[in-house]
1. Answer yes or no as to whether Tyr68 is among the aromatic types (Phe, Trp, Tyr), assigned to a strand (DSSP E or B) and over 15 Å from Gln23 (Cβ atoms).
2. Let me confirm something: among Ala15, Ala21, which residue is more than 32 Å from the chain's Cα centre (by Cα), modelled with pLDDT under 90 and closer than 30 Å to Ser276 by Cα?
3. Find the residue count for the range 283-315, including only residues that are more than 26 Å from Tyr249 (Cα to Cα) and in contact (Cβ under 8 Å) with a residue 24 or more places away in the chain.
4. Looking at Arg256, Arg199, which one is closer than 28 Å to Ile364 by Cα and of a type outside the set (Gly, Ala, Ser)?
5. Take the residues of the range 278-290 that are touching a Phe, Trp or Tyr at 6+ places or on another chain (Cβ under 9 Å) and among the small types (Gly, Ala, Ser): which is nearest to Leu222 (Cα to Cα)?
6. When Glu241 is evaluated against the numbered criteria (1) out of contact with any Phe, Trp or Tyr (no Cβ under 9 Å at 6 or more places or on another chain); (2) surrounded by 15 or more Cβ atoms within 10 Å (Cβ to Cβ), which criterion, by number, is the only one it fails?
7. Enumerate the pairs (first residue in the range 193-222 and among the basic types (Lys, Arg); second residue anywhere and surrounded by fewer than 18 Cβ atoms within 10 Å (Cβ to Cβ)) with beta-carbon separation below 6 Å, excluding pairs fewer than 6 apart on the same chain, so at least 6 apart or on different chains.
Amino acid sequence: MKISQIWLFVLLLIALPSAFAEQVNVRVAGVPPEGVLVLQVYDNPNSFGDFRNPVLETRFPIRPDGVYRLNGVPVGSVAVLAYLDANGNGALDRTFIGIPKEPIGLSNDYRPKGPPSFQRASFGVSAGQVQTMDIAMYEVLGDAGQWGVGIGVIGRSSPYEGSDSSVTQVIPAITYFGERLQWVGPSLRYGLWGSDQFRFAVNATYRVGAYEESDSPILAGLGDRDGTLMAGVGFVYDGPERIDVDFRYQHDMLDRFGGGTAELRVSKGFQTGNVSWGPSIGASWLSSGMANYDFGVPTWAATPLRPAYDVGSTITMEAGIGGMLEITEHWRLVLDLNAEYLGDDISDSPIVDEDYVLKGFAAITYTF
């Protein structure tokens, strides 16, 4: 290799860091006079979606002039998170549902009311330029948590013989996010114990009724299967790479059928533009009381065309996809769709014609 080629190679090595790592000066407002401020840089929307695995993290003692220099920021689209490490534990403290408890600030003065959008917080870093930006700190939950109001609909398809009517119900879409309490549409969860990744909680859900006997001739005489309130306990594990595990047991609190269900669901989170979304798979155990309430035929209701049928306890499988579109910082569209495979124990019932049920929830809300 010629001397000139060696020198060219050395110059390229020297130039590479400046081409791929630049300086950003961040002016931070709203911090106390003392403490530790942490600045994180993200270049991946999925990591930014739950404020984990930044590409760069730097800790600073709070400066009187409020200006902090970030070196080694990658060229391209990035977003900056600032948080006050109030207790000095080296981590961003979160509530039982993953919302930051310590004051934070985001680039572009972005203040999301739900999962943060990388697209709204990101800005471009150019090679060879020193950039300056402003961040104002704030508390996500404020003094009274986040409230939202709107309108929603829940529903499920009908798997019953001769029935082409789905069950749908319009409901007020009220949301609330506090340090321990989460209320989203038909579901409530209250955290009892846990950490940033593992949480134990009590929960409650409104369950839509399975059918009305007028939906099909095969159902005549069985009586309506009304909705009920399910409540119980469960735990959530927030794993790496936005993989979450959710287990819960719920019991029929209104004693419609005197049984319960245990559910295990695994989901994976993604972010595309202003949409936070993710697929999920799960399995549910249904007690015999619950399975027979929806799909069985009691002895007293048996006919020559509808023999008695005892489902017993059974297991169903489920796959779905859910997401949230951030229309603005205050308006959100939430959608959750699932397909449940019923299995032979249920599909062999004389009143059942399909081996699956489609169900979902959709709502549009305004968060204060």
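1. So Tyr68 fails the test.
2. Working: Ala15 fails: closer than 30 Å to Ser276 by Cα.
Exactly one residue qualifies, and that residue is Ala21.
3. 5
4. Every option except Arg199 fails the conditions.
5. Gly289
6. Just one mismatch for Glu241, condition (2).
7. If the second residue must be surrounded by fewer than 18 Cβ atoms within 10 Å (Cβ to Cβ), the pairs left are Arg207/Gly227.
The rows are residues; the columns are (1) in a strand (DSSP E or B); (2) at pLDDT 95 or above; (3) touching a helix residue (DSSP H, G or I) at 6+ places or on another chain (Cβ under 9 Å).
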site: Arg332; (1), (2), (3): yes, no, no
site: Ala339; (1), (2), (3): yes, yes, no
site: Ile346; (1), (2), (3): no, yes, yes
site: Glu354; (1), (2), (3): no, no, yes
site: Val357; (1), (2), (3): yes, no, no
site: Phe361; (1), (2), (3): yes, no, no
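The values are calculated or read from the model by the stated rules, or taken from the named source; none is laboratory data. Keep in mind the model is a prediction, meaning the values are calculated, not measured. All Cβ positions, glycine included, derive from the backbone under ideal geometry; neighbour counts span all protein chains shown.
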